[in-house]
Amino acid sequence: MSRRPLEGFEPGRLLAARLSKGYSQGELALRASVSSASISAWEVGRSTPQVDRLRRVAEVLGLHVGELIRVPEGERKLGNLRELTGQTQAQLAKKVGISTPLLAALERGHASLTDPVRKRLAGELHLAEAVVAQAFERGRARG
C-alpha cells in the first residue's frame, strides 16, 4: 500500500463538510472508524489520510472521496486516478488482476503499461483508456 502523502487532499473541504453535517470530530471519527486525533490532524493539515480511511469519512459525510481531493485533470498521474476512486493499491490491483507491486511500479512509471492492463485499469476506474495512458505517461515523465 502506498504511504506517500495524499496529493491534492484539501483539509478545508473536510472541515467544511463535517461542520455542514453538524458532526463533532469525535462523532465523525466514531462513525468512520478512525481516531478523532486523525480527523483533527487532517483538518489542520498536519497529516494526510490514507485513501481508504478518507473514503470511509467521505461516505459518512455523504460525499465522494473525489470531493475532498483536488488534482487538476491535466496533472493527474495513475496514482491520482486510483485515489480519486478511494481505492488502495491492493484493492485496485486485485480488481484488475495484477500484483500490488506491479501496480505500484506502474504508478511510479517503473514498469511498462501493457494494452490489456491499461484496458482493465480503465474499466475499473471508469475512464477512457486514453486518460489512463496519459496519466501513466505523466508518472513516467515526472522523473
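The values are calculated or read from the model by the stated rules, or taken from the named source; none is laboratory data. Not measured: the values here are computed from a predicted model. Every residue, glycine as well, gets a Cβ built from its backbone with ideal geometry; the counts of neighbours run over all protein chains shown.
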Suppose the filter is at pLDDT below 95 and either more than 14 Å from the chain's Cα centre (by Cα) or of a type outside the set (Phe, Trp, Tyr) (or both); does residue 139 pass it? yes
Kindly evaluate residue 38 against the criterion of being at negative phi and among the hydroxyl-bearing types (Ser, Thr, Tyr). yes
Among the numbered criteria (1) in contact (Cβ under 8 Å) with a residue 40 or more places away in the chain; (2) touching a Gly at 6+ places or on another chain (Cβ under 7 Å); (3) farther than 29 Å from residue 98 by Cα, which single criterion is violated by residue 51? (3)
Just one of the numbered conditions (1) more than 17 Å from the chain's Cα centre (by Cα); (2) within 15 Å of residue 68 (Cβ to Cβ); (3) touching a residue at least 24 places away in the same chain (Cβ under 8 Å) is not true of residue 31; which one? (2)
Evaluation of residue 101 against (1) without any contact (Cβ under 8 Å) to a residue 12 or more places away in the chain; (2) over 18 Å from residue 83 (Cα atoms) (one fails), failing number: (2)
